[in-house]
Amino acid sequence: MSRSDSPVLQPFTLGDLTLKNRVVMAPLTRSRSSVAGVPPDFAADYYGQRANAGLIISEATNISPQAVGYAYTPGIWSDAQVEAWRRIVATVHANDGRIFLQLWHTGRISHPNLQPDGGLPVSASAIKPKGTAFTEDGMKAHVTPRALETDEIPGIVGDYRRAAENAKRAGFDGVEIHSANNYLLEQFVRDSTNTRTDQYGGSIENRLRFPLAVVKAVTEVWGGGNRVGIRLSPATTEPGKTPLDSDPHATFGAYVDALSDFGLLYIHTIEGVTQQTRDVPDGVDFLDLRKRFSGAYVGNNQYTLDLAEKELAEGHADLFSFGRPYIANPDLVARLASGAPLAEAPKPYWYGGGANGYSDWPGMDGPVQIER
Ligand SMILES: Cc1cc2nc3c(=O)[nH]c(=O)nc-3n(C[C@H](O)[C@H](O)[C@H](O)COP(=O)(O)O)c2cc1C
């Protein structure tokens with residue numbers, strides 16, 4: 001049954017951008033870049049094939065060498081990286097798409113093998129995460145990170161500023177600050193991972209100081225909040241199973257209020273635990289966050305067209321991001337519109353490798369043709 005008249009698939013005005021539909025391609029790390037963090041040429045095919053989304057959010061992209069926490073992920077600090085991204089953005093634009101760059105610092109979710117000179121990963125506090133890191137030598141157990149010195153923090157804000165400038169040079173339509181999934185910014189926000197006693201720890205106001213300094217720097221580069229979004233995961237427990245915050249709603253309510261004051265374009269909210277569940281065990285109220293925020297609300301996590309239509313009708317969200325469905329369905333919007341079944345990407349294709357399982361997924365009617 002055709003679903004082409006679905007309200008989710010109609011144009012949407014996001015700030016000063018007109019999007020073709022309310023479908024957002026969620027950021028997807030695919031670990032296809034070089035050891036120097038340069039995306040491959042075939043990444044332009046991959047993103048160009050997916051320009052049917054109203055908006056593409058790029059895979060998370062490291063703001064500095066210290067930010068790296070996964071092997072073969074791209075960066076945006078060197079000229080070679082900017083040049084490679086410029087080709088990707090040009091291909092998305094040639095196919096009438098829009099693309100934002102996701103700005104990333106993994107903090108403690110890293111490993112000395114991935115750090116400059118083999119140093120310790122950095123974080124708000126010296127608290128070891130559960131789990132393992134994907135390094136060039138395979139999976140390695142996480143280590144206890146080094147707590148950042150107070151006087152190092154402005155330098156990291158400066159790295160975000162440079163990354164935001166480089167994103168602009170590469171031609172991106174905007175940037176998304178990755179403040180979700182317990183990477184560096186969220187490590188400062190949450191009181192279980194931030195036990196600092198300086199002006200960056202303790203009260204909610206102090207825990208938000210560094211993330212908001214990043215937001216300030218990035219919005220200054222982009223001439224205000226109109227092309228700057230942010231990703232949040234108020235209900236996540238990652239990288240474990242226990243709540244990260246003694247009062248997540250108070251923390252994220254204050255965060256969203258402050259983000260509103262910056263006039264940010266959207267909050268991109270992971271509703272539940274990324275990929276795992278839409279349950280919200282710790283009492284976060286997403287609708288309250290949406291109402292408190294002045295910009296648009298992008299919902300994410302396990303969306304289908306049916307669920308997106310329901311949430312739109314109930315006024316819970318403006319846009320809907322799809323992650324895993326975009327891996328094996330480059331023409332996702334056309335498939336949603338026609339009610340066609342979705343292909344599933346086997347996990348071995350998710351991270352690492354070359355063009356195979358990445359930019360060679362066919363559309364419903366054969367290879368997806370793109371303008372170059
Ligand atoms: C292979 C893979 C890579 C991901 N990489 C990122 C990333 O780089 N940045 C990010 O914020 N989320 C990342 N995520 C989370 C997705 O953006 C999304 O939140 C999640 O897949 C749930 O949405 P879905 O049910 O539509 O897949 C990744 C998820 C997957 C499966």
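The values are calculated or read from the model by the stated rules, or taken from the named source; none is laboratory data. Just so we're clear, the structure is a prediction, and the values are computed from it rather than from any experiment. Glycine also receives a Cβ, built like all others from the backbone with ideal geometry; neighbour counts cover every protein chain displayed.
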### Message
So in the range 67-76, with the set limited to residues that are crowded, with 24+ Cβ neighbours inside 10 Å and not hydrophobic (A, V, I, L, M, F, W, C), which one is nearest to the ligand (Cβ to nearest atom)?
### Response
73
### Task
Residue by residue through the range 102-135, note down the ones that are touching a Leu at 6+ places or on another chain (Cβ under 8 Å) and either part of a helix (DSSP H, G or I) or modelled with pLDDT under 95 (or both).
112
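Residues are listed down the side, and each one gets a yes or a no for (1) surrounded by fewer than 16 Cβ atoms within 10 Å (Cβ to Cβ); (2) farther than 22 Å from residue 10 by Cβ:
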| position | (1), (2) |
| --- | --- |
| 242 | yes, yes |
| 249 | no, yes |
| 271 | no, yes |
| 274 | no, yes |
| 284 | no, yes |
| 290 | no, no |
| 298 | no, no |
| 303 | no, no |
| 313 | yes, no |
### Message
Suppose the filter is more than 16 Å from the ligand (Cβ to nearest atom) and of a type outside the set (A, V, I, L, M); does residue 251 pass it?
### Response
yes
### Message
Go through (1) within 12 Å of the ligand (Cβ to nearest atom); (2) of a type outside the set (D, E, K, R); (3) within 19 Å of the chain's Cα centre (by Cα) for residue 349 and report which single condition fails.
### Response
(3)
#### Entry: Enumeration of residues in the range 38-47 that are without any contact (Cβ under 8 Å) to a residue 60 or more places away in the chain and either over 10 Å from residue 84 (Cα atoms) or of a type in the set (A, V, I, L, M, F, W, C) (or both)
38, 47
### Summary
By residue number, the members of the range 8-29 that are surrounded by 21 or more Cβ atoms within 10 Å (Cβ to Cβ) and basic (Lys, Arg) are 22
### Task
Among the residues of the range 6-24, write down those that are in contact with a Ser or Thr (Cβ under 7 Å, 6 or more places away or on another chain) and within 14 Å of the ligand (Cβ to nearest atom).
24
### Message
Return the residues of the range 244-269 that are acidic (Asp, Glu) and in a helix (DSSP H, G or I); say none if nothing qualifies.
### Response
257, 261
### Summary
If you go through 340, 317, 334, the only one that is hydrophobic (A, V, I, L, M, F, W, C) and farther than 23 Å from residue 14 by Cα is 340
### Query
For the range 25-55, how many residues are more than 16 Å from the ligand (Cβ to nearest atom), assigned to a loop (DSSP other than H, G, I, E, B) and touching a helix residue (DSSP H, G or I) at 6+ places or on another chain (Cβ under 6 Å)?
2
### Message
Given the criterion more than 18 Å from residue 240 (Cα to Cα), part of a loop (DSSP other than H, G, I, E, B), in contact with a helix residue (DSSP H, G or I) (Cβ under 8 Å, 6 or more places away or on another chain) and modelled with pLDDT of 95 or more, identify the matching residue among 84, 71.
### Response
71
## Note on the structure
Of the residues in the range 188-241, those that are closer than 20 Å to residue 261 by Cα, part of a loop (DSSP other than H, G, I, E, B) and of a type in the set (A, V, I, L, M, F, W, C) come to 222
#### Entry: First in the range 288-310 and closer than 13 Å to residue 321 by Cα, second anywhere and at pLDDT below 95 and buried (at least 17 other Cβ atoms within 10 Å of the Cβ), Cβ under 7 Å, 6 or more apart
301/272; 301/274
### Query
Inside the range 110-142, can you point out the residues that are under 19 Å from residue 156 (Cα atoms) and buried (at least 23 other Cβ atoms within 10 Å of the Cβ)?
110, 111, 114, 121, 122, 123, 124
### Task
Hand me the list of helices (runs of 4 or more DSSP H) wholly inside the range 270-332 holding 3 or more residues that are modelled with pLDDT of 95 or more, more than 10 Å from the ligand (Cβ to nearest atom) and under 20 Å from the mean Cα position of the chain (by Cα).
286-292
### Task
State whether one or more residues within the range 162-176 are surrounded by fewer than 24 Cβ atoms within 10 Å (Cβ to Cβ), in contact with a Gly (Cβ under 6 Å, 6 or more places away or on another chain), of a type outside the set (Val, Ile, Thr) and under 25 Å from residue 270 (Cβ atoms).
no
